[in-house]
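Right, one structure below, let's go through it.
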Amino acid sequence: MKNYESNNIGFIKTEFGKVFYKIFGEKTEKLPLIVVHGGPGALHNYLLPISELSSDRQVIFYDQLGCGKSDEVTDKSILKLEYFVNELKELINQLNIKKCDLLGQSWGTMVVSEFIANNPGIAQKAILSSPFLNAKLFAKDAREYLDELDAEDKKAIIKSEETGNFDTPEYQKAMGSFYSKFVCRLNPYPDYINDSFNNLSTIVYYTMWGMSEFSISGTLQNTDITPNLSKIDIPVLITVGEFDEVKPKTAEYYSKFLKNSKVEILKDASHLHHCEKIDEYNRIIANFLE
């Protein structure tokens, strides 16, 4: 397994705390690629296979506020899309980047899309992997997959939603089954995925999404940025796994709102298809950026 380490690390300052970043590769004539993680509340770690693209460009990762090595959130009222769009803008400004390409994964695609819609001219190309652009649609896709679980697992998830108790062994077993089918099909998980799963910021996740993967109750619950996608006129690549928690038909639906987009479906892969199909995914991204 590759060791994804870089000594080019630092922090930017935002109004609400310091944000950690890590840069792979050297500056070249090619635009830097900024990678925005999902969650909400995850770390950048699970996206590190994308750093293999740094042989001819810089690839930049960061931990959103409240996540990983960034400062903790002291005011939960800021945990809304607007803050994270501004955070990305601050990162770009403080790293003195004039133009770049952007890659978002899951919740990160909402941050990337909203940033591009409101800040034209900076991003030249965008990759939206497992796009999360309409919160209710994301929850709907996940809930439909419950019918593909064993009856006992489905029953355990529904019972936990009804009781509000998500700490039962039955619920944990059911979520393990769900994740192994629709979130990450690798077994065992690599360390860089475990780092993100085991250190998820529950403060950020519960505040913005809620307690259950299958029904949204947090600050994002009514968020739908599809009306803003028409403002995006740069080339956009959407990637999705065949068995993605974001269904391929949903990815195709989002693409219809974009002026210049295409969809790539990775076979026998799920939500973390960039980890399950590293070489194929990175080749698709590299060809698109060329």
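The values are calculated or read from the model by the stated rules, or taken from the named source; none is laboratory data. Everything numeric here is computed off the predicted structure, so don't read it as measured data. FYI the Cβ positions are ideal-geometry reconstructions off the backbone, even for glycines, and counts take in every protein chain you see.
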Close pairs from the range 1-18: first of a type in the set (S, T, N, Q), partner surrounded by 13 or more Cβ atoms within 10 Å (Cβ to Cβ), Cβ under 6 Å, at least 6 apart: SER6/LYS22; SER6/PHE24; ASN8/ILE23; THR14/GLU87; THR14/GLU90
Within the range 118-168, considering residues that are crowded, with 19+ Cβ neighbours inside 10 Å, over 29 Å from PHE288 (Cβ atoms) and of a type outside the set (Gly, Ala, Ser), the one nearest to the chain's Cα centre (by Cα): ILE157
Flag for GLY104 being small (Gly, Ala, Ser), touching a strand residue (DSSP E or B) at 6+ places or on another chain (Cβ under 9 Å), part of a strand (DSSP E or B) and in contact (Cβ under 8 Å) with a residue 40 or more places away in the chain: yes
Test: residue in the range 240-252 that is farther than 17 Å from SER106 by Cα, surrounded by 17 or more Cβ atoms within 10 Å (Cβ to Cβ) and at pLDDT 95 or above: no
Residue match in the range 254-266 (condition: touching a residue at least 24 places away in the same chain (Cβ under 8 Å), in contact with a His (Cβ under 7 Å, 6 or more places away or on another chain) and surrounded by 15 or more Cβ atoms within 10 Å (Cβ to Cβ)): yes
Residues satisfying the stated conditions in the range 212-244, i.e. among the small types (Gly, Ala, Ser) and under 21 Å from LEU102 (Cα atoms): SER230, GLY241
Yes/no for SER230 being of a type in the set (Gly, Ala, Ser) and modelled with pLDDT of 95 or more: yes
Only listed residue being in contact with a strand residue (DSSP E or B) (Cβ under 9 Å, 6 or more places away or on another chain), in contact (Cβ under 8 Å) with a residue 60 or more places away in the chain, farther than 25 Å from ILE122 by Cα and not in a loop (DSSP other than H, G, I, E, B), chosen from THR250, THR239: THR250
Condition met for LYS89 (charged (D, E, K, R), within 21 Å of the chain's Cα centre (by Cα) and surrounded by fewer than 20 Cβ atoms within 10 Å (Cβ to Cβ)): yes
Qualifying position, being within 19 Å of the chain's Cα centre (by Cα) and outside any loop (DSSP other than H, G, I, E, B), among TYR171, TYR189, TYR206: TYR206
Matching residues in the range 176-199 - criterion: being over 21 Å from LYS267 (Cα atoms) and either polar (S, T, N, Q) or in contact (Cβ under 8 Å) with a residue 12 or more places away in the chain (or both): ASP191, TYR192, ASN194, ASP195, SER196, PHE197, ASN198, ASN199
Strands (runs of 3 or more DSSP E) enclosed by the range 1-60 - at least 2 residues per element that are hydrophobic (A, V, I, L, M, F, W, C) and either at pLDDT below 95 or out of contact with any helix residue (DSSP H, G or I) (no Cβ under 7 Å at 6 or more places or on another chain) (or both): 8-14, 17-24
All positions within the range 102-117 that are surrounded by fewer than 24 Cβ atoms within 10 Å (Cβ to Cβ) and not hydrophobic (A, V, I, L, M, F, W, C): GLU114
